[in-house]
Amino acid sequence: MLRIEGLRVRRGARRILDGLSLRIGRGEPFAILGESGSGKTTLLYAAAGLLPIEGGSIEILGEPLESLGRRERARRLGLVFQDHQLFPHLTARENVLLAPRLQEREGAPELARRLFEELRIDGLEGRRPHELSGGQRQRVAIARSLVLEPALLFFDEPSAALDAQTSEELADLLLHINERTQIVVVSHDLGFVERCCGRGIQLAAGTIANEGTLAEILPPAG
């Protein structure tokens with residue numbers, strides 16, 4: 001579903017990613033792990049087409065990322081930001097339906113209604129972001145991505161600023177969503193990814209230090 005070959009990304013004088021190659025097929029939720037500064041968020045944003053690359057290639061479902069128009073890219077991949085990036089002046093429902101309305105996608109209102117029920121935020125459609133809890137805002141952001149029915153959905157530090165119970169609920173939710181949309185999670189929260197991801201990579205200094213199942217790449221408990 002996602003194929004990256006020889007990816008190089010530079011920010012100013014510093015090269016963040018240096019010749020990184022990665023393939024993610026359909027399967028369990030996939031984790032991208034690493035310490036702060038290891039390049040994991042840069043990798044996520046480059047794969048989503050939000051950062052220019054210095055070299056290498058990125059393919060989504062067999063098509064070069066740079067060849068995809070905005071609409072086609074949205075059908076293939078979505079991104080849930082750490083800070084959610086909801087429009088503060090719009091209601092939850094308006095946030096979710098903004099992109100489908102601009103793209104004139106049929107059936108979006110009914111799909112949005114089902115997503116609000118599935119994500120357990122039905123009844124909150126008329127509230128604005130400041131009237132929602134952090135977990136509720138995150139679920140609205142998830143619905144906003146899912147309403148475009150992407151093949152892959154990227155999450156940037158999804159458990160950040162969530163309490164333990166909400167974090168557990170989110171991990172279970174990602175497992176459910178992964179039944180139809182491949183989930184890729186960037187996180188430094190090992191407890192969270194252990195709950196919802198079965199495989200992944202660990203970055204260090206812009207390269208892949210370990211890859212495989214989480215049991216293989218994470219240090220043993222204790």
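The values are calculated or read from the model by the stated rules, or taken from the named source; none is laboratory data. Note that the structure is predicted; figures quoted are calculated from it, not measured. We place every Cβ from the backbone using ideal geometry, glycine too, and count neighbours over all the protein chains shown.
Quick notes on this one:
- When restricted to residues that are modelled with pLDDT of 95 or more, part of a loop (DSSP other than H, G, I, E, B) and either surrounded by fewer than 16 Cβ atoms within 10 Å (Cβ to Cβ) or small (G, A, S) (or both), the stretch 89-120 contains 2.
- Selection count where residues are surrounded by 14 or more Cβ atoms within 10 Å (Cβ to Cβ), modelled with pLDDT under 90 and more than 23 Å from L7 (Cβ to Cβ), scope the stretch 195-220: 1
- Residue that is more than 28 Å from E94 (Cβ to Cβ) and in contact with a Gly (Cβ under 8 Å, 6 or more places away or on another chain), where the choices are L152, L170, L214: L214
- All positions within the stretch 121-164 that are exposed (fewer than 15 other Cβ atoms within 10 Å of the Cβ) and under 29 Å from I24 (Cα atoms): A161, A164
- Failed criterion for I53 (all others in (1) among the hydrophobic types (A, V, I, L, M, F, W, C); (2) modelled with pLDDT under 95; (3) assigned to a strand (DSSP E or B) hold): (3)
- Qualifying residue in the stretch 195-205 (condition: more than 25 Å from F116 (Cβ to Cβ) and part of a helix (DSSP H, G or I)): no
- Within the stretch 175-217, tally of residues that are touching a Lys or Arg at 6+ places or on another chain (Cβ under 6 Å) and hydroxyl-bearing (S, T, Y): 1
- Of residues in the stretch 169-194 being β-branched (V, I, T) and outside any helix (DSSP H, G or I), the one surrounded by the most Cβ atoms within 10 Å (Cβ to Cβ): V185
- The one condition in (1) of a type outside the set (F, W, Y); (2) touching a strand residue (DSSP E or B) at 6+ places or on another chain (Cβ under 6 Å); (3) surrounded by fewer than 21 Cβ atoms within 10 Å (Cβ to Cβ) that Q85 fails to fulfil: (2)
- Taking the stretch 63-86 as the range and being in contact (Cβ under 8 Å) with a residue 40 or more places away in the chain and either assigned to a loop (DSSP other than H, G, I, E, B) or not β-branched (V, I, T) (or both) as the test, the residues that pass are A74, R75, R76, L77, G78, L79, F81, Q82, H84, Q85, L86.
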